[in-house]
1. Suppose the Debye formula is applied to equal point scatterers at every Cα of segment 39-203; what is log10 I(q)/I(0) at q = 0.13 Å⁻¹?
2. Test of understanding: in a Gaussian network model of the chain with alpha carbons linked when under 10 Å, which of 28, 101, 41 would top the mean-square fluctuation ranking?
3. Using a Gaussian network model of the chain whose springs link C-alpha atoms within less than 10 Å, name the residue from 198, 165, 24 with the highest mean-square fluctuation.
4. Taking R0 as 45 Å, what FRET efficiency do you get between residue 213 and residue 10 from their Cβ-Cβ distance, rounded to the nearest 0.05?
5. How far is the Cα center of segment 148-184 from the Cα center of segment 192-214, in Å?
6. Once every DSSP H run of n ≥ 4 in the chain is given -39500 (n - 2.57) and the sum is divided by its residues, what mean residue ellipticity at 222 nm do you get, rounded to the nearest 500 deg cm²/dmol?
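Values quoted throughout were computed directly from the atomic coordinates according to the rules given, and no laboratory measurement underlies them. Because the structure is a prediction, the values reported are computed rather than measured. Note: ideal-geometry Cβ built from the backbone for every residue, glycine included; neighbour counts use all protein chains shown.
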Ligand code: IYR
């Protein structure tokens with residue numbers, strides 16, 4: 001059976017072919033814009049409209065996924081009490097990380113980022129987006145449907161979310177307090193969902209500082225054969 005013999009197929013909707021000159025310009029501009037993205041840890045408390053976050057989440061939800069099972073769930077938190085609880089739980093884990101759990105080598109590798117167990121941005125930033133990975137889905141019948149390539153799929157969706165937020169003019173931080181099972185409890189998420197990543201977003205603080213670090217150049221990260 002060919003793919004096209006399958007019953008549920010439709011003509012490719014919405015594809016827009018660009019002229020080569022336009023492709024060149026668009027790809028160059030996109031790169032230049034993406035190169036301006038930085039992980040930010042100093043956020044302004046200025047609110048960001050919910051609709052902007054909603055659009056970015058919808059964009060993330062267009063990610064490709066294993067068997068198109070879309071094994072992600074996003075919880076966007078602006079409620080100050082929930083943010084406070086997340087900060088307290090994250091700082092408790094981070095305290096244990098920096099003071100006990102982290103091997104010396106890891107701490108040395110992190111040192112230039114200037115991070116420590118204090119995470120004020122978890123309360124300052126207007127939005128915390130918790131991304132959950134669904135290991136499986138339970139149908140209404142009670143049957144369990146396994147998901148495939150969950151980490152890859154949710155990782156791609158997370159990248160698209162960060163890209164969408166950046167393109168909307170917002171700063172982001174990918175934050176992974178470890179372990180972060182506390183997110184299930186605070187956000188009331190079921191056992192088939194594994195906390196994957198916390199994306200902190202909002203405007204950068206006026207005096208925000210970032211570490212003076214650089215990206216690998218293209219020759220270091222890619223080959224043409
Ligand atoms: N989760 C800790 C430690 C940390 C780990 C890595 I790898 C980083 O790139 C940054 C931080 C923290 O958030 O401080």
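1. Relative scattering, expressed as log10 I(q)/I(0), comes to -0.66.
2. Result for the chain, Cα springs under 10 Å: 28 fluctuates most.
3. Taking springs between Cα atoms under 10 Å, the residue moving most is 24.
4. 0.45
5. 10 Å
6. On the way: 8 runs with 81 residues, N = 225.
That comes out to -10500 deg cm²/dmol.
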